[in-house]
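Here is the structure we will look at.
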Amino acid sequence: MTKLSATHKGLITGGIMVLASVCMFYGLKLELNGPNQLVVIGIFIAGILWSLLSLRQTSGDLTFKNYFSEGFKTFIVMTLIIVLYTAVFYKLNPSILEAAIKETETLVAKQGDKTPAGIAANSEKLRSIFMPMTISLTTVTYLAFGAITSLIGGLLLRSVKR
């Protein structure tokens, strides 16, 4: 049996993350940004740990650099997949953005300190920055989780003797 590379593990885990997201949103009708996102983040972390633990089993004396590099190769691929999924998801579901804009317009109108023209301008501004902001936030979030998981996992595995 051939050993899966970190990239392949990232592809497999990224696919599972997308599948879980699709099942939770379309199948189970769960909220988009609810606690169910912890499942996707858990899968992400598990993918990195899978990569680190399998490296430990197949290699001899490893340094922190070896572990972090393996985790990095894995989480970069998973992050790319989930960011691409996020972009496609919001392009296919523009009603989510429109619902958020309507909610924002209602809240701003209740405050009473904006004119209808100001509310409309605010809505257009939100519409124009939504995708870049969402993509950026998703990227930074998953890169941070990946780096922290690789860091902690690498330090723990390096310090624990077999």
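The values are calculated or read from the model by the stated rules, or taken from the named source; none is laboratory data. Predicted, not measured: the structure shown is a model, and the values here were computed from it. Because the Cβ atoms are built from the backbone with ideal geometry, glycine has one as well, and the counts that use them run over all protein chains shown. Protein only, heavy atoms only, side chains kept; ligands, DNA and RNA dropped before computing areas. Shrake-Rupley method; radii C 1.70, N 1.55, O 1.52, S 1.80 Å.
What the table shows:
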item: Residue pairs meeting the criteria (Cβ under 6 Å; at least 6 apart or on separate chains; first farther than 25 Å from E31 by Cα and free of Cβ contacts under 8 Å to residues at least 60 places away in the same chain, in the stretch 100-124; second surrounded by 12 or more Cβ atoms within 10 Å (Cβ to Cβ) and acidic (D, E)); result: I119/E105
item: Residue within the stretch 25-34 that is open to solvent by less than 70 Å² (accessible area, probe 1.4 Å), in contact with a Leu (Cβ under 8 Å, 6 or more places away or on another chain), part of a helix (DSSP H, G or I) and of a type outside the set (D, E, K, R) present; result: yes
item: Residue match in the stretch 6-16 (condition: modelled with pLDDT under 95, more than 21 Å from A144 (Cβ to Cβ) and surrounded by 15 or more Cβ atoms within 10 Å (Cβ to Cβ)); result: no
item: The one condition in (1) in contact (Cβ under 8 Å) with a residue 24 or more places away in the chain; (2) among the small types (G, A, S); (3) more than 30 Å from E124 (Cβ to Cβ) that G60 fails to fulfil; result: (1)
item: Residue check for G71: assigned to a helix (DSSP H, G or I), touching a residue at least 60 places away in the same chain (Cβ under 8 Å), within 18 Å of the chain's Cα centre (by Cα) and surrounded by fewer than 16 Cβ atoms within 10 Å (Cβ to Cβ); result: no
item: Selected residue [within 13 Å of G146 (Cβ to Cβ), out of contact with any strand residue (DSSP E or B) (no Cβ under 8 Å at 6 or more places or on another chain), part of a helix (DSSP H, G or I) and open to solvent by 60 Å² or more (accessible area, probe 1.4 Å)] from I81, I76; result: I76
item: Residue within the stretch 32-40 that is in contact (Cβ under 8 Å) with a residue 40 or more places away in the chain and in contact with a Ser or Thr (Cβ under 7 Å, 6 or more places away or on another chain) present; result: yes
item: In the stretch 35-48, the residues that are open to solvent by 70 Å² or more (accessible area, probe 1.4 Å) and within 19 Å of G153 (Cβ to Cβ); result: L38
item: Enumeration of residues in the stretch 75-125 that are under 17 Å from A20 (Cβ atoms) and of a type in the set (V, I, T); result: V77, T79, I81, I82, V83, T86, V88
item: Pair list, Cβ under 7 Å, 6 or more apart: the stretch 126-138 residue touching a residue at least 40 places away in the same chain (Cβ under 8 Å), other residue among the aromatic types (F, W, Y); result: M131/Y90; T134/Y90
item: Residue in the stretch 52-67 that is closer than 18 Å to L151 by Cα, of a type in the set (F, W, Y) and part of a helix (DSSP H, G or I) present; result: yes
